[in-house]
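The structure under discussion appears below in the form of C-alpha cells.
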Amino acid sequence: MSPMPALQQPDPEQEALDWFARLRQPGCDEALRQAFASWCQDPLNARAYAQLEAYWQQLQAPAPRPRPRVTALRRSRMGVWLGLLFLGLLAALAFVYWPMLQRLSCELHTDSGERRSVRLADGSTLHLDSASAMNVDLRGRTRLQHLVQGQVYIEVMLDGRAMEVQVDDARIQVFGTRLQVARYSDHNELVVLAGKATVMQGGDQRMLNAGERVTFTPARINATQKIDGKAADAWRRGQLHASDMPLPEVLERLAGYQGQRLWLLNEQAGYRKVSGDFDLDHPARSLDRLASEQHLQLHNVLGHWLIAR
C-alpha cells in the first residue's frame, strides 16, 4: 500500500501576490475585502503582504533627480556694454521726441520755427510762439487755458467770465486784455501788457500791473520788474530783443527755433548776460554771430542737440 502524498503547504508570498492583484481589480467588493482581512490574521500572511506593498511603493516612487551642478555664469562684457548702449539710446530718443509727442497731444500747437495765431470761440486771440502747445476749455464760468510748452501772447475778449492760465502748478488770474506767458527750462514768466494779472502758487501770490513782468518756479515767485512793452513781444515780429538777458536763455531760444535742445558745457558762460537784437527767422545766423561774440564753440549733434562750449 503506497503512502499518501503530503499536503502542499500554502505559500504566503504567492497568496500575497494573488491578493494584491485581486484587490486592484474593478470588481473588488466588501466581501472580498473581508476575506482579505481574515487572511491577514495570520502573521506570516500579513508580513508577506506588507513586504509586497513596500516593494511596490519603491517601484512607484520617482527616481531621484540628479542634483544640478552649480556652474558659474560669466557675464560677457560685450553683452553688458550693449545693454547699456541700448538703454542710453532709449533715454536719448525719449529726451528728443517726448516734447514733440507732448505738443502733438495738445489741442493747439506749433512746430519748431513756426508762429501761429488762433482766434477762440469767445473772441480771444492766442499768438503761439515756436514749439508751443496749449489746451483750452471755454465751457465753464471760468475760461481755462493751460500752457504746456513754449510761449503765448493772449489778447483777451471780455465776456463777463473770468479767465485763468495754468502753468504747471501755478495759476494766473487775468484781469486785463493783453498778457504773455512763457515756459523756459528753469523758470516760467508772466508779462502783463494791458490790465492786471495775479500769479498764484501754493500760498504765495503776486499781482502785476501793465508794463511789469515776473518770473516764477515751483519753489517761489520772484519780485516784479518793469519791462519795455515793445521789446517783450518782439518775437511776434521775428525778433528776439535781449537786454541784459542771461546768455543760456538766449542760446536756448535760438536753438529752439531750429528744433534743437541746448547743452551748455561752458560753466562761466552760464553767468554771462547779453544785449542785442537777434533774428528768430534765421536762428543759425544769430547763433553763429552770438557764438563769435561770446567766444563759444557750437557743435550740431544729429540735428537734435546744440552743444555750446
Could you tell me which residue of the range 178-191 is most open to solvent (accessible area, probe 1.4 Å), considering only residues that are closer than 14 Å to Phe216 by Cβ and among the charged types (D, E, K, R)? Asp186
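Only one of Gln225, Gln239, Gln258, Gln268 is modelled with pLDDT under 95, in contact with a helix residue (DSSP H, G or I) (Cβ under 6 Å, 6 or more places away or on another chain) and open to solvent by 60 Å² or more (accessible area, probe 1.4 Å); which?
On the way: Gln225 fails: in contact with a helix residue (DSSP H, G or I) (Cβ under 6 Å, 6 or more places away or on another chain); Gln239 fails: in contact with a helix residue (DSSP H, G or I) (Cβ under 6 Å, 6 or more places away or on another chain); Gln268 fails: in contact with a helix residue (DSSP H, G or I) (Cβ under 6 Å, 6 or more places away or on another chain).
Of the residues listed, the single one that is modelled with pLDDT under 95, in contact with a helix residue (DSSP H, G or I) (Cβ under 6 Å, 6 or more places away or on another chain) and open to solvent by 60 Å² or more (accessible area, probe 1.4 Å) is Gln258.
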What's the number of the condition Met207 fails, among (1) assigned to a strand (DSSP E or B); (2) open to solvent by 50 Å² or more (accessible area, probe 1.4 Å); (3) closer than 22 Å to Glu252 by Cα? (3)
Inside the range 256-307, can you point out the residues that are basic (Lys, Arg) and either touching a strand residue (DSSP E or B) at 6+ places or on another chain (Cβ under 7 Å) or assigned to a helix (DSSP H, G or I) (or both)? Arg261, Lys273, Arg285, Arg289
For His295, the lone unmet condition from (1) within 34 Å of the chain's Cα centre (by Cα); (2) open to solvent by 20 Å² or more (accessible area, probe 1.4 Å) is (1)
Among the residues of the range 152-163, is any out of contact with any helix residue (DSSP H, G or I) (no Cβ under 6 Å at 6 or more places or on another chain), under 26 Å from Glu252 (Cα atoms) and hydrophobic (A, V, I, L, M, F, W, C)? yes
Looking for something modelled with pLDDT under 75 and either open to solvent by 100 Å² or more (accessible area, probe 1.4 Å) or under 20 Å from Leu302 (Cα atoms) (or both) - is there at least one such residue anywhere in the range 77-88? no
Given (1) surrounded by 16 or more Cβ atoms within 10 Å (Cβ to Cβ); (2) of a type in the set (A, V, I, L, M); (3) closer than 27 Å to Gly238 by Cα; (4) without any contact (Cβ under 8 Å) to a residue 40 or more places away in the chain, Ala194 misses just (1)
Those residues that are open to solvent by 40 Å² or more (accessible area, probe 1.4 Å), more than 28 Å from the chain's Cα centre (by Cα) and in contact (Cβ under 8 Å) with a residue 40 or more places away in the chain, I need them from the range 105-140; list them, please. Arg115
Select from the range 12-32 the residues that are at pLDDT 70 or above and surrounded by fewer than 12 Cβ atoms within 10 Å (Cβ to Cβ) and list them in ascending order. Gln14, Ala21, Arg24, Gln25, Asp29, Glu30, Ala31
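Do you know which of the residues in the range 154-167 that are open to solvent by 60 Å² or more (accessible area, probe 1.4 Å) and acidic (Asp, Glu) is nearest to the chain's Cα centre (by Cα)? Walk me through how you get there before you give the answer.
Going through the range 154-167, the residues open to solvent by 60 Å² or more (accessible area, probe 1.4 Å) turn out to be 155, 157-161, 166.
From what is left, the residues that are acidic (Asp, Glu) are 155, 159.
Numbers: Glu155: 34, Asp159: 39 Å.
Residue satisfying both the conditions and the ranking: Glu155.
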Which condition from (1) open to solvent by 40 Å² or more (accessible area, probe 1.4 Å); (2) in a strand (DSSP E or B) is the one that Ala219 breaks? (2)
With respect to Ala50, is the statement that it is within 30 Å of Ala37 (Cα to Cα) and modelled with pLDDT of 75 or more true? yes
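The values are calculated or read from the model by the stated rules, or taken from the named source; none is laboratory data. Model, not experiment: these values are computed from the prediction. Every residue, glycine as well, gets a Cβ built from its backbone with ideal geometry; the counts of neighbours run over all protein chains shown. Only protein heavy atoms, including side chains, enter the accessible area calculation; ligands, DNA and RNA are left aside. Shrake-Rupley method; radii C 1.70, N 1.55, O 1.52, S 1.80 Å.
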